[in-house]
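**Q** Structure incoming, see below.
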Amino acid sequence: MTYSAEAENRPINILLVDDDDGDARAVQRAFAKARIVNPFSRAIDGIEALELLRGENGKEKVKFPLIMLVDLNMPRMNGIELVATLRADPALHNTVVFVLTTSYRDEDRNAAYGLNVAGYIVKEKAGEDFLRLFNLVDSYWKIVELP
């Protein structure tokens, strides 16, 4: 059996923003292992994520409803800069964002929550195969009304 989370009869899209290929593959494997068939996209940094969200530079626009999983430490535009840009953009300010990072730093956690992220998840605690992350996101989209 496969599962697909939906909001208002539209599938929920997942955008992973992470420059680490190993982590990206692990997240995709966890979703596949759980038989989640939601549309899944990946950007390697904040600039590429914005291109996907806005449909710029030849990128196909990611559709809403959307949940983003955003790493903090990335080249060109890091996760905090990306979320700050989202919050300042009237078309994107309601985007649901979970931070997915290796950082235990209070400054990073406080900065993320200051930008109204839905959650701050340390990769090490999410588990090597990210199944715990999937369970969190799965529970979230089943009970929360998304913008």
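**Q** Going through A111, A118 one at a time, which residue ends up being open to solvent by 10 Å² or more (accessible area, probe 1.4 Å) and modelled with pLDDT of 95 or more?
**A** Just a single option satisfies the conditions, and that option is A111.
**Q** Being open to solvent by less than 40 Å² (accessible area, probe 1.4 Å) and either at pLDDT below 75 or more than 26 Å from N73 (Cβ to Cβ) (or both) is the filter here, so list the residues in region 32-60 that pass it.
**A** Across region 32-60, the qualifying residues are A34, I36, G55.
**Q** Same structure again: Scan (1) closer than 22 Å to S139 by Cβ; (2) open to solvent by less than 10 Å² (accessible area, probe 1.4 Å); (3) outside any strand (DSSP E or B); (4) in contact with a helix residue (DSSP H, G or I) (Cβ under 7 Å, 6 or more places away or on another chain) for the single condition A26 breaks and write down its number.
**A** Here A26 clears every test but (4).
**Q** Quick one: what pairs do we get from region 40-54, first residue within 12 Å of L82 (Cα to Cα), second among the polar types (S, T, N, Q) and surrounded by fewer than 20 Cβ atoms within 10 Å (Cβ to Cβ), C-beta under 6 Å, 6+ apart or different chains?
**A** E51/N57
**Q** Any residue in region 98-116 that is among the β-branched types (V, I, T) and within 23 Å of K142 (Cβ to Cβ)?
**A** Yes, region 98-116 contains a residue that is among the β-branched types (V, I, T) and within 23 Å of K142 (Cβ to Cβ).
**Q** Let me ask you something else. Can you pull out every residue in region 55-78 that is on the phi > 0 side of the Ramachandran plot and touching a residue at least 24 places away in the same chain (Cβ under 8 Å)?
**A** R76
**Q** A further question on this structure: Restricting attention to region 61-101, which residues are assigned to a strand (DSSP E or B) and either among the aromatic types (F, W, Y) or modelled with pLDDT of 90 or more (or both)?
**A** M68, L69, V70, V96, V97, F98, V99
The values are calculated or read from the model by the stated rules, or taken from the named source; none is laboratory data. All of these numbers come straight from a predicted model, not from anything done at the bench. Positions of Cβ are generated from backbone atoms using ideal geometry, with glycine treated the same way; all protein chains shown enter the neighbour counts. Just the protein is used for accessible areas: all its heavy atoms, side chains included, with ligands, DNA and RNA removed. Shrake-Rupley method; radii C 1.70, N 1.55, O 1.52, S 1.80 Å.
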